[in-house]
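Here the structure comes first, spelled out in structure tokens, and everything after it is commentary.
Coordinate-derived values only; no laboratory data. Keep in mind it's a predicted model, so treat the numbers as computed, not measured. Here Cβ is always computed from backbone atoms with ideal geometry, including for glycine, and neighbour counts include all displayed protein chains.
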Amino acid sequence: MQVTIFGASGLLGKALMREWRGDTVTGLSSRDADVRDPGSVQQAVRDTQPDWIVLAAAYTDVDGCETNSDLAFAVNRDGAVNVAKAAKQAGARLLFVSTDYVFDGRKTTPYQINDARNPQTTYGKTKAEAEIILLELVPDCCIARTSWLFGVGGKCFPDTIMKLAASRPSLDVVNDQRGCPTYSVDLASAIIQLCHKNAGGIVHATNAGDCTWFEFATEIVRSAGLTTLVRPVSTQQMARPAPRPFYSVLSSASLNALGIKTPTWRDALRRYLNERRQAPERMVGPLHQ
Ligand SMILES: NC(=O)c1ccc[n+]([C@@H]2O[C@H](COP(=O)([O-])OP(=O)(O)OC[C@H]3O[C@@H](n4cnc5c(N)ncnc54)[C@H](OP(=O)(O)O)[C@@H]3O)[C@@H](O)[C@H]2O)c1
């Protein structure tokens, strides 16, 4: 099978490139093909002749999307449409990576794939609009929504906590936002399986289990053997330009129905910390959600 990955230089893209075996995989960064440019997208697809296209490219700075909304829509919605049109033209299957931010975060039980979209941020709106257009344009596309991504090869929450914990006696972390941390390696594995299973439609793909950011930070500090005090605070005490959902737990039912299981986020965190210890040189990378 031939696979083309847009966004191969990102946190997820790097994991996909490392984990994908047994197929011919081409990874593209924005320098190889800018998704905003239909011509360059079509050329890349023509050159690589994929059976599957994985679209992991996105403008992922959630706060940045609020101030640069033109860029956010150009990359995340219009760029996705450019890739979908090229996929359709080439007869390739498409897997689009989406986000928990398409929901409003007001539920108190896990979000199911058919729950109504109601994004509260520009980033969420760009992804929600892309989902709707893609499902019309290429009805057999697969949309994998994920959340709270972490891994080596980019800036992420556990990396930030580890760096702060090394230099501060205490950390304040929000305890009223709940979600599913997801290790890039486990998401990559789920995406590879989805492609091999010829999956279509919307799927929620995260590590198993959920927690608050405070619970996540506490486990990071404990697992790393650090003594930093982690203190719970409220969202109100930590104002950000883009509102964060209070509850964005994604149900794993859709993934499990396809016979795909993911490890718990605690298990994933242990493996991430090991990988981080072994590959410190891969820790620098672009800003992301
Ligand atoms: N991070 C999270 O917590 C999170 C949560 C939910 C969903 N997601 C979704 O998961 C996917 C992967 O996220 P990530 O964290 O791996 O992203 P990331 O680390 O920020 O990487 C973004 C990738 O997109 C590429 N890109 C950006 N603008 C582009 C453009 N105009 N044309 C072509 N490529 C472009 C970047 O290429 P360059 O390196 O060349 O700039 C990079 O490879 C995204 O769809 C994101 O929305 C992420």
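What the table shows:
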| item | result |
| --- | --- |
| Cβ-based exposure ranking for 251, 9, in which fewest neighbours within 10 Å come first | 251, 9 |
| ³J(HN,Hα), Karplus 6.51/-1.76/1.60, whole Hz, each residue of the range 63-76, x for Gly, Pro | 6, x, 4, 5, 8, 10, 5, 4, 5, 4, 5, 5, 7, 7 |
| Cβ-derived FRET efficiency at R0 30 Å, residue 1 paired with residue 113, nearest 0.05 | 0.75 |
| Sequence of 95, 12, 164 once ranked by neighbouring C-beta atoms within 10 Å, starting from the fewest | 164, 95, 12 |
| Long-range HN-HN contacts of residue 93 with modeled amide H, under 5 Å | 52, 53 |
| FRET efficiency, residue 166 to residue 17 (Cβ-Cβ, R0 35 Å, nearest 0.05) | 0.75 |
| Three-way shape call for the range 59-116 based on the alpha-carbon gyration tensor, with the a/c threshold at 1.5 | oblate |
| Signed unit charges on C-beta, dipole axis of the chain, positive-most listed residue 105, 22, 132 | 22 |
| ³J(HN,Hα), Karplus 6.51/-1.76/1.60, whole Hz, each residue of the range 245-253, x for Gly, Pro | x, 6, 9, 9, 6, 9, 5, 8, 4 |
| Selected from 116, 76, 185, residue furthest toward positive end of dipole (the range 2-282; charges at beta carbon) | 185 |
| Beta bridges by DSSP in the range 2-282, antiparallel share as percent, to the nearest 5 | 5 |
| FRET E, pair residue 106, residue 236, Förster distance 25 Å, beta-carbon r, rounded to 0.05 | 0.90 |
| Length-normalised contact order for the chain - Cα pairs under 8 Å, 6+ apart - percent | 22 |
| Likely footprinting exposure, 127, 261, 88, 14, fewest C-beta neighbours within 10 Å first | 261, 88, 14, 127 |
| Over the chain, equivalent-ellipsoid semi-axes from the Cα gyration tensor in Å | 30, 20, 18 |
| Under Karplus coefficients 6.51, -1.76 and 1.60, residue-wise ³J(HN,Hα) of the range 254-263 in Hz, glycine/proline x | 5, 6, 4, 4, 8, x, 10, 10, 10, x |
| For the range 66-129 and the range 12-40, distance of Cα centres in Å | 19 |
| Placed amide H near residue 151: partners under 5 Å, 5+ positions off or other chain | 184 |
| Euclidean distance between Cα centres, the range 247-261 to the range 193-214, Å | 5 |
| Nonlocal Lys pairs with alpha-carbon distance under 22 Å, the chain (8 or more apart, or different chains) | 14 |
